[in-house]
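Written out below as structure tokens is the structure these notes cover.
Derivation of every value follows stated rules applied to the coordinates shown; laboratory data play no part. All figures in this text were calculated on a predicted structure; none of them were measured in a lab. Using ideal geometry, Cβ is built from the backbone for each residue, glycine included, and neighbour counts are taken over all protein chains shown.
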Amino acid sequence: MDPNPDDGFSTYVRQVRPELRRRAFLLCGDWFEADDLTQQTLVKVFLQWPRLDNREKLTGFTRTVMVRTYISERRAARWTREILADRDPEPATCDQGYCDHQPLLSALDRLAHRQRAAIVLRFWDQLSVREIADVLGCAPTTVRSQTSRALATLRSLLRRDSSSRGGGSQGLVRQ
């Protein structure tokens with residue numbers, strides 16, 4: 001019998017938390033929200049932990065939980081009664097080298113939530129269209145159209161931002 005009552009969950013969290021937090025940041029674009037999304041994801045995985053038989057597939061399950069939580073939270077945010085401020089209460093900090101990609105991250109912030117999720121899963125997590133469809137719970141054709149629209153929007157936004165700054169991010173946009 002395992003002396004640890006959580007049956008390996010704490011070990012799993014220590015192994016995956018940094019990567020989960022990075023993925024959460026790519027999804028929501030804010031480190032504070034990323035911490036919240038990571039925590040929500042881990043709570044949901046913990047609640048399912050006793051029923052998870054195939055521990056080798058935990059990465060995919062956890063990714064799916066995170067992306068679906070992200071989309072669900074964004075959908076629910078339309079109905080919230082909270083009043084959002086124009087600025088953060090604390091200055092934004094750059095973490096783990098993401099400052100180098102600020103133009104791209106700013107453009108990602110302007111995508112629809114499902115499009116942003118499709119881009120993150122496709123290009124950061126390098127999942128196939130079929131795998132993304134499974135995570136998002138939609139058809140592969142929907143993933144392809146969401147990705148295509150998102151890429152077109154990103155190119156347009158990056159070109160516009162680049163021209164307004166004098167060409168600073170030309171390396172990010174394929175001509």
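Structure above, values below:
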| quantity | calculated |
| --- | --- |
| Ranked by how many other beta carbons lie within 10 Å on average, peptides 13-20, 115-122, 24-31 from highest | 115-122, 24-31, 13-20 |
| Backbone HN-Hα couplings from phi across segment 149-161 [Karplus 6.51/-1.76/1.60, Hz, Gly and Pro as x] | 5, 5, 5, 4, 5, 4, 4, 5, 5, 5, 5, 4, 5 |
| Prolate/oblate/rounded label for segment 15-61 (Cα gyration tensor, a/c 1.5) | prolate |
| Ranked by how many other beta carbons lie within 10 Å on average, peptides 134-142, 50-58 from highest | 134-142, 50-58 |
| Long-range HN-HN contacts of Leu127 with modeled amide H, under 5 Å | Arg122 |
| Under the Karplus curve 6.51 cos²θ - 1.76 cosθ + 1.60, θ = phi - 60°, whole-Hz ³J(HN,Hα) for segment 37-48, x wherever Gly or Pro sits | 5, 4, 5, 4, 4, 5, 5, 5, 5, 4, 5, 8 |
| For segment 6-75 versus segment 105-133, the gap between their alpha-carbon centres in whole angstrom | 17 Å |
